[in-house]
1. Within segment 188-228, how many residues are surrounded by 11 or more Cβ atoms within 10 Å (Cβ to Cβ) and of a type outside the set (S, T, N, Q)?
2. Restricting to segment 31-43, and then to whatever is among the aliphatic types (A, V, I, L, M) and crowded, with 22+ Cβ neighbours inside 10 Å, can you tell me which residue is farthest from the ligand (Cβ to nearest atom)?
3. Starting from residues that are within 16 Å of the ligand (Cβ to nearest atom) and farther than 24 Å from Ala132 by Cα, keep the ones in segment 44-77 and report whichever is surrounded by the fewest Cβ atoms within 10 Å (Cβ to Cβ).
4. Tell me the strands (runs of 3 or more DSSP E) entirely within segment 1-62 that contain at least 1 residues that are over 16 Å from the mean Cα position of the chain (by Cα) and of a type outside the set (S, T, N, Q).
5. In segment 138-192, which residues are of a type in the set (Asp, Glu) and assigned to a loop (DSSP other than H, G, I, E, B)?
6. Kindly indicate whether Glu185 is touching a Lys or Arg at 6+ places or on another chain (Cβ under 9 Å) and surrounded by fewer than 16 Cβ atoms within 10 Å (Cβ to Cβ).
7. Which of (1) modelled with pLDDT under 95; (2) touching a helix residue (DSSP H, G or I) at 6+ places or on another chain (Cβ under 6 Å); (3) of a type in the set (S, T, N, Q) does Gln114 not meet, given it meets every other one?
8. Identify, by number, the condition in (1) in contact with a helix residue (DSSP H, G or I) (Cβ under 7 Å, 6 or more places away or on another chain); (2) of a type in the set (D, E, K, R); (3) free of Cβ contacts under 8 Å to residues at least 60 places away in the same chain that Asp145 doesn't meet.
Amino acid sequence: MVQHVSFRYNENTPWIYKDIDFGIDLDTRIALVGPNGAGKSTLLKLLCSDVMPTDGLIRRHSHCKIGRYHQHLHEELPLDLSALEFMMKEFPDVKEKEEMRKIVGRYGITGREQVCPMKQLSDGQRCRVSFAWLAWQQPHLLLLDEPTNHLDMESIDALAEAINCFPGGMILVSHDFRLVSQVAEEVWVCDNQGIQKWDGDIFSFKNHLRKQIDKEVSNREKGVVKER
Ligand SMILES: Nc1ncnc2c1ncn2[C@@H]1O[C@H](COP(=O)(O)OP(=O)(O)OP(=O)(O)O)[C@@H](O)[C@H]1O
């Protein structure tokens, strides 16, 4: 439950949210959209307590496990360890190396990629390790912030399929309309320090953006003509 939450990073920076109020649960399937800098990533950080509300309250079920994927997650991996060593260290309950090999293999990290130091992997491969790490925590709620940046089309479709098989809640921030259309049931717009449910699907939102841009361009052109 997000109750009357307002947030700004500090006293010298503008309010990102003012008095937002909503609830999410394990059936939640939301795509967050909105202009750059509106506060989409900040909302995910608030939900997983990476930052705390300036005012108001966020109440969580005490057993709710939240997993957040963000663009810098793969940069936080211990690069001198191999993917296999890292996962064995993070999940000591998996005792057999062969079992962990299978787990990591499901994320497209196979053969030598599993045992070489992760510094030798590409960004895309490291992202896959991050996904394996995130998924194996078995969160109840997934917060995905731009998860497609280092993924090819095939991996994006695999991600969509995985999200659709995931039984918990999900909030996605993504500029990838194709992914959004495959996994989101609702579109919420972050703008002007608030959040509003979009009355339509992601494609109608895209059309709305296109019209808005056309209008801005035409107004600018009219302005230029007037100036002349
Ligand atoms: N740690 C921070 N300290 C101060 N300001 C920050 C911090 N992190 C983000 N901001 C600012 O807060 C605002 C919201 O940022 P946020 O990243 O949440 O927006 P966003 O909607 O996710 O943007 P984008 O689509 O560009 O990723 C921006 O103006 C950003 O510069």
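The values are calculated or read from the model by the stated rules, or taken from the named source; none is laboratory data. For clarity, every value in this text was computed on a predicted model and none was experimentally measured. Quick reminder, even Gly has a Cβ in these numbers, built from the backbone with ideal geometry, and neighbours come from all protein chains shown.
1. So the answer is 16.
2. Of the residues in segment 31-43, the ones among the aliphatic types (A, V, I, L, M) are 31-33, 38, 43.
Subset that is crowded, with 22+ Cβ neighbours inside 10 Å: 31-33, 43.
Numbers: Ala31: 13, Leu32: 8, Val33: 9, Leu43: 7 Å.
The selected residue is Ala31.
3. Met52
4. Working: elements: 2-7, 17-22, 29-33, 55-58.
Fully inside segment 1-62 and qualifying: 2-7, 17-22, 55-58.
5. Step one: of segment 138-192, the residues of a type in the set (Asp, Glu) are 145-146, 152, 154, 157, 161, 176, 185-186, 191.
Those that are of a type in the set (Asp, Glu) and assigned to a loop (DSSP other than H, G, I, E, B): Glu146, Asp152, Asp176, Glu185.
6. Numbers: touching a Lys or Arg at 6+ places or on another chain (Cβ under 9 Å): yes; surrounded by fewer than 16 Cβ atoms within 10 Å (Cβ to Cβ): yes.
In short, yes.
7. (1)
8. Answer for Asp145: the failing condition is (3).
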